[in-house]
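Here's the structure, in structure tokens; my notes come after.
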Amino acid sequence: MDKPKDGGASATCEQDVKIIFCDLCIREIEFENRRTTHFNKEGWLNLMKNFSEKTGREYDQVQLKNKCNADFCEDVVSKEI
């Protein structure tokens, strides 16, 4: 069952996108573009640019912030531990 009946992206593809997004977030944290609990302007710009380059999906800052909710990367991180 790779693709849903409506012809949308497969769950595996979505999991790949989550991993890419989480890896990019970790990278920005390592580059110290998150001084508190949120990314700074440079961090968000880097996330938007790099996410678009890696996935081909154009998301603005608000859309990426919506992906940054507390549970988004939790399943990815827990699988890597």
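The values are calculated or read from the model by the stated rules, or taken from the named source; none is laboratory data. As the structure is a computational prediction, the values presented were derived from the model and not from experiment. Neighbour counts are summed over all protein chains in view; Cβ atoms, including those assigned to glycine, are modelled from backbone coordinates with ideal geometry.
Cβ separations smaller than 7 Å between residues 6+ apart or across chains give the following pairs from the range 43-70 residues that are without any contact (Cβ under 8 Å) to a residue 12 or more places away in the chain to residues that are among the small types (Gly, Ala, Ser): Glu58/Ser52.
Counting only residues that are surrounded by 14 or more Cβ atoms within 10 Å (Cβ to Cβ), charged (D, E, K, R) and in contact with a helix residue (DSSP H, G or I) (Cβ under 7 Å, 6 or more places away or on another chain), the range 34-68 holds 3 of them.
Each residue in the range 10-33 was checked for being surrounded by 12 or more Cβ atoms within 10 Å (Cβ to Cβ) and either modelled with pLDDT under 85 or among the basic types (Lys, Arg) (or both), and 6 of them qualify.
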